[in-house]
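First the structure, in the form of structure tokens, and then the observations on it.
The values are calculated or read from the model by the stated rules, or taken from the named source; none is laboratory data. Remember, it's a predicted structure, so these values are computed and weren't measured experimentally. Cβ placement follows ideal geometry from the backbone for every residue including glycine, while neighbour counts extend to all protein chains displayed.
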Amino acid sequence: MRHLRWLSILFITVLVLSGCNGFTKGDSAAKDKGTAESDGKVVLDFWTFWGSEIRRPIVEKIVEDFNNSQDKIEVKHTFVPWGDIWTKELASIAAGSPPDVVINDINATALRGEKKQAENLSKYLEKDDISENFYEELWNATLYEGDSYGIPFNTDTRVLFYNKDAFREAGLDPEQPPKTWDELWEFAEKLDAKNGEKYERIGFYPLFGAGTDVWMLNADKVNFIDEKDEVKVNTPEKLDALKWLKSWHDKYGANTINSWQSQMESQQGNPFFSGDLGMLVQQPTFYTQIRDYAPDLNFGVALLPEKEPGNGNTSWGGGFVAEIPYGAKNPDESWEFIKYLTDQEAQEYWAVKNFDNVANKKAAESAADSEEFNDAAKTVYGLAVEAMPQTMLTPTPIVAPDFPTLINPEFDNVYLGKKTPEQALEDAEAKVQKLVDQNK
Amino acid sequence: MTGRKRFNYKTKEGLQGYIFILPWIIGFIVFTAGPLLFSFAASFTNYNITSQMDFIGLKNYEKLFADDQLFWTSLYNTLYYVAFSVPITTVGAILLSALLNRDIPGMRFFRTIYYLPAVLSGVGVYLLWMQLLEPGTGLVNTVLAWFGIAGPNWLFDPAWAKPALIFMKLWSVGGGMLLYLASMQGISKSLYEAAEIDGANAWQQFIRITIPMITPVIFFDIVTSLIGGFQIFQEAYVMSNGEGGPVNSLLFYNLYMWKKAFEAFDMGYAMAMSWILFIIVFVLTIINLKLAPRWVHYEGGGK
């Protein structure tokens with residue numbers, strides 16, 4: 001029966017070909033990916049989404065410095081675009097051959113810990129506890145059931161930028177930025193300039209550069225789902241915030257807001273640069289845009305105003321962690337690299353070269369005095385460092401990771417005038433509660 | 001079995017045929033059928049990609065229909081989009097190709113111009129349209145303002161967000177146009193000549209000759225764009241920054257599924273969602289195929 005042989009050849013061909021398609025993992029993957037090179041070094045694959053002209057050389061310099069600082073580990077940097085990096089990482093974890101170190105979103109670190117996407121770092125932290133190096137709020141966001149699953153790398157916050165010349169013109173003291181929500185409103189009224197019905201300058205609109213959630217956090221300092229998994233959407237302070245935001249929306253009207261918003265998105269044409277916007281909430285890194293696009297702008301920075309005196313200038317931030325994906329082949333070496341990455345020297349280099357907030361407290365503080373910064377840069381960076389201890393994160397709640405899809409439409413409804421703030425918050429609370437109950 | 005002749009002609013030819021299509025068969029089994037079956041099996045589990053995969057019976061499906069707070073919203077958004085975009089783009093493509101099916105000097109130039117947008121695709125186009133649709137400074141509203149029309153807030157207004165996407169899709173009817181044009185060129189001139197002798201005007205010729213003769217392409221276009229329409233994802237993902245637009249008006253089925261899979265890591269649930277969509281599209285396609293003999297005209301009478 002010769003044609004049996006034919007069939008078996010066919011069968012073998014199928015097997016061989018399908019072998020190429022990834023049925024064999026483990027051994028062969030480990031061989032390509034890492035472990036011993038000819039000179040005995042362990043090679044690590046380090047994934048980031050920092051591929052821009054500015055950031056890529058900086059992260060690659062840090063990698064190079066690390067490689068030169070010792071002779072056991074060789075790190076290779078792989079740039080993976082923002083839109084792909086974490087889905088690719090997830091697929092590679094599921095396939096059993098992940099990269100060795102990945103930069104990932106700080107807010108969902110605990111979630112990744114719970115889902116076994118990231119390695120538990122506790123055994124390393126028992127040996128050298130570096131938790132004190134970082135801002136507490138950042139560190140806490142990396143914990144799931146008390147164990148850390150990623151080490152904070154960079155971060156951000158929100159501060160108030162204001163135009164000093166516009167302040168002077170409006171009869172305000174340029175050295176006295178607004179301290180409370182009431183003052184914000186009062187100052188904005190003075191800064192507003194109208195030609196007939198049309199605005200030529202608007203004083204301030206709180207939702208440029210910050211979301212509804214930021215002001216709610218500023219008001220009551222509690223996340224929508226708190227650390228005990230209790231839903232805290234419909235609180236009196238959050239209701240005040242929503243009413244206050246709605247009154248701003250009514251003050252300027254949708255048309256004015258949309259037209260300012262669209263200019264804001266075109267970077268160079270930002271109305272804050274041209275003086276058509278008096279005050280703006282932004283990340284401290286906004287300074288680099290002022291530096292590049294409006295170098296002559298006479299501006300000041302201040303902490304986010306507080307709801308009422310004594311309430312606190314709570315701000316909101318996010319950031320990224322360096323973590324070891326679950327199942328990575330050389331976790332000990334990965335840990336060495338992460339330690340270097342989040343230690344003072346590398347962090348300070350990143351902070352100064354990028355003008356970016358970093359998670360390492362000492363690095364942030366010494367960057368604020370860096371000789372490479374001019375006075376304006378020092379002022380902004382110093383303020384950012386001052387804001388950090390009052391900056392809250394919004395860690396993804398494990399009981400309802402996708403809850404924003406339920407509450408954001410309710411806020412939209414308020415601004416569109418379809419629901420009262422009371423009704424919207426009540427509905428949002430009920431929806432989030434239902435999602436939490438479903439997932440428990 | 002005698003010496004040299006191992007197979008008879010038929011077996012040999014059959015085997016060769018299989019060897020030729022082997023790459024496709026392997027591709028189909030490994031990259032399509034395998035994942036398909038896997039997703040079906042996993043839709044009955046709490047699979048989260050990395051740490052768990054326990055059988056939970058029909059729970060995912062029960063939750064979808066009874067308890068999910070956004071399932072119906074996302075399904076409504078998708079049906080709305082399909083119900084408007086499929087007919088509008090089909091009619092648009094037919095009308096455009098009828099216009100471009102003329103013997104006028106310079107016609108090639110216009111054909112190229114109208115086809116160009118179909119060549120461009122992806123995120124770049126969506127970003128471009130986000131600028132065009134800017135309420136304050138965008139080109140669309142600027143042009144509308146010339147005629148005294150105060151344009152809507154497009155992507156920022158829940159009532160206009162979906163129409164904005166459909167409007168954007170109209171821009172790339174060039175792909176369908178090309179198919180219709182090719183099929184119109186294939187219609188025998190003698191049909192039109194005969195009609196002209198009988199005194200039919202241009203409109204009658206279009207309705208009685210052109211349309212019936214291109215029904216196979218219309219059918220093809222409707223089936224494929226229906227399937228494509230249900231899969232709308234990228235547009236909404238890019239143009240709403242992955243959020244789902246104002247009041248979730250751009251939260252299409254696939255966007256919601258993506259959020260469940262990669263934000264909540266509830267992959268089993270997302271897989272159950274994908275099977276519901278599969279069944280919807282499957283049923284609609286069957287209906288289409290059943291209805292086809294009533295209106296699709298194949299030349300030569302064969303099916």
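Residue-by-condition table, conditions (1) away from every other protein chain (no Cβ under 12 Å); (2) crowded, with 18+ Cβ neighbours inside 10 Å; (3) part of a helix (DSSP H, G or I); (4) among the aromatic types (Phe, Trp, Tyr):
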| residue | (1), (2), (3), (4) |
| --- | --- |
| B:48 | no, yes, no, no |
| B:51 | no, no, no, no |
| B:78 | yes, yes, yes, no |
| B:89 | yes, yes, yes, no |
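Does any residue of the stretch A:268-281 turn out to be of a type in the set (S, T, N, Q), at negative phi and surrounded by fewer than 17 Cβ atoms within 10 Å (Cβ to Cβ)?
Looking only at the stretch A:268-281, we keep the residues that are of a type in the set (S, T, N, Q), and these are A:268, A:270, A:274.
From what's left, at negative phi: A:268, A:270, A:274.
Of the ones still in play, those that are also surrounded by fewer than 17 Cβ atoms within 10 Å (Cβ to Cβ) are A:268, A:274.
Yes, the stretch A:268-281 has at least one match.
Hey, residue A:247 hits all of (1) modelled with pLDDT of 95 or more; (2) surrounded by fewer than 19 Cβ atoms within 10 Å (Cβ to Cβ); (3) at positive phi but one; which does it fall short on?
(3)
Looking at the stretch A:91-107, is at least one residue in contact with a Phe, Trp or Tyr (Cβ under 7 Å, 6 or more places away or on another chain), in the same structural domain as residue A:342 (by TED's automatic domain parsing) and free of Cβ contacts under 8 Å to residues at least 40 places away in the same chain?
Checked the stretch A:91-107: no residue is in contact with a Phe, Trp or Tyr (Cβ under 7 Å, 6 or more places away or on another chain), in the same structural domain as residue A:342 (by TED's automatic domain parsing) and free of Cβ contacts under 8 Å to residues at least 40 places away in the same chain.
How about the stretch B:286-299: which of its residues are of a type in the set (D, E, K, R) and in contact (Cβ under 8 Å) with a residue 24 or more places away in the chain? Before the answer, list the steps.
In the first step, residues of the stretch B:286-299 are kept if they are of a type in the set (D, E, K, R); the result is B:290, B:294, B:299.
Of everything in the stretch B:286-299, just one residue is of a type in the set (D, E, K, R) and in contact (Cβ under 8 Å) with a residue 24 or more places away in the chain, namely B:299.
Residue B:195: part of a helix (DSSP H, G or I) and more than 23 Å from residue B:232 (Cβ to Cβ), yes or no? Steps first, answer last, please.
Details: part of a helix (DSSP H, G or I): yes; more than 23 Å from residue B:232 (Cβ to Cβ): yes.
Considered against the rule, which asks whether it is part of a helix (DSSP H, G or I) and more than 23 Å from residue B:232 (Cβ to Cβ), residue B:195 comes out as yes.
Any chance the stretch B:100-113 includes a residue that's within 19 Å of the chain's Cα centre (by Cα) and either outside any helix (DSSP H, G or I) or of a type in the set (Gly, Ala, Ser) (or both)?
Start the filter on the stretch B:100-113 by keeping residues that are within 19 Å of the chain's Cα centre (by Cα), which leaves none.
No, there is no match, as no residue in the stretch B:100-113 is within 19 Å of the chain's Cα centre (by Cα) and either outside any helix (DSSP H, G or I) or of a type in the set (Gly, Ala, Ser) (or both).
Just give me the residues in the stretch A:408-423 being of a type in the set (A, V, I, L, M, F, W, C) and buried (at least 21 other Cβ atoms within 10 Å of the Cβ), in sequence order. Give the steps one after another, and end with the answer.
First pass over the stretch A:408-423, keeping only residues of a type in the set (A, V, I, L, M, F, W, C): A:411, A:414, A:416.
Residues satisfying the conditions are A:411, A:414.
Determine if the stretch B:176-188 includes at least one residue that is surrounded by fewer than 15 Cβ atoms within 10 Å (Cβ to Cβ), over 19 Å from the mean Cα position of the chain (by Cα) and under 30 Å from residue B:50 (Cα atoms). Please lay out each step first, then the result.
Filtering the stretch B:176-188 for residues surrounded by fewer than 15 Cβ atoms within 10 Å (Cβ to Cβ) gives B:182, B:185-186, B:188.
Subsequent filtering for residues that are over 19 Å from the mean Cα position of the chain (by Cα) retains B:182, B:185-186, B:188.
Going one step further and asking which of them are under 30 Å from residue B:50 (Cα atoms), we end up with none.
No.
Can residue B:124 be described as part of a helix (DSSP H, G or I), within 14 Å of the chain's Cα centre (by Cα) and in the same structural domain as residue B:256 (by TED's automatic domain parsing)?
Numbers: part of a helix (DSSP H, G or I): yes; within 14 Å of the chain's Cα centre (by Cα): no; in the same structural domain as residue B:256 (by TED's automatic domain parsing): yes.
Considered against the rule, which asks whether it is part of a helix (DSSP H, G or I), within 14 Å of the chain's Cα centre (by Cα) and in the same structural domain as residue B:256 (by TED's automatic domain parsing), residue B:124 comes out as no.
Would you tally the residues in the stretch A:72-116 being closer than 29 Å to residue A:39 by Cα, more than 10 Å from chain B (Cβ to nearest Cβ) and of a type in the set (A, V, I, L, M)?
Number of matching residues: 7.
Count, please, the residues in the stretch A:134-153 that happen to be in contact with a Phe, Trp or Tyr (Cβ under 9 Å, 6 or more places away or on another chain) and surrounded by fewer than 23 Cβ atoms within 10 Å (Cβ to Cβ).
Count: 1.
Restricting to the stretch B:57-68, give me the number of residues that are surrounded by 14 or more Cβ atoms within 10 Å (Cβ to Cβ) and either modelled with pLDDT under 95 or within 12 Å of another protein chain (Cβ to nearest Cβ) (or both).
Here is the first cut: in the stretch B:57-68, the residues surrounded by 14 or more Cβ atoms within 10 Å (Cβ to Cβ) are B:59-61, B:63-64, B:68.
Narrowing further to those that are either modelled with pLDDT under 95 or within 12 Å of another protein chain (Cβ to nearest Cβ) (or both): B:59-60, B:63-64, B:68.
Of the residues in that region, 5 qualify.
Within the bounds of the stretch B:107-117, is there any residue that is more than 21 Å from residue B:227 (Cβ to Cβ) and within 14 Å of chain A (Cβ to nearest Cβ)?
no
Only one of these conditions is not met by residue A:119: (1) touching a residue at least 40 places away in the same chain (Cβ under 8 Å); (2) closer than 16 Å to residue A:336 by Cα; (3) more than 14 Å from chain B (Cβ to nearest Cβ); (4) of a type in the set (D, E, K, R). Which number is it?
Failed condition: (3).
In the list B:8, B:48, which residue meets the criterion of being within 30 Å of residue B:266 (Cβ to Cβ) and not assigned by TED's automatic domain parsing to the domain that holds residue B:260? Step through it out loud before you land on a result.
Numbers: B:8 fails: within 30 Å of residue B:266 (Cβ to Cβ).
Testing whether each residue is within 30 Å of residue B:266 (Cβ to Cβ) and not assigned by TED's automatic domain parsing to the domain that holds residue B:260 leaves just B:48.
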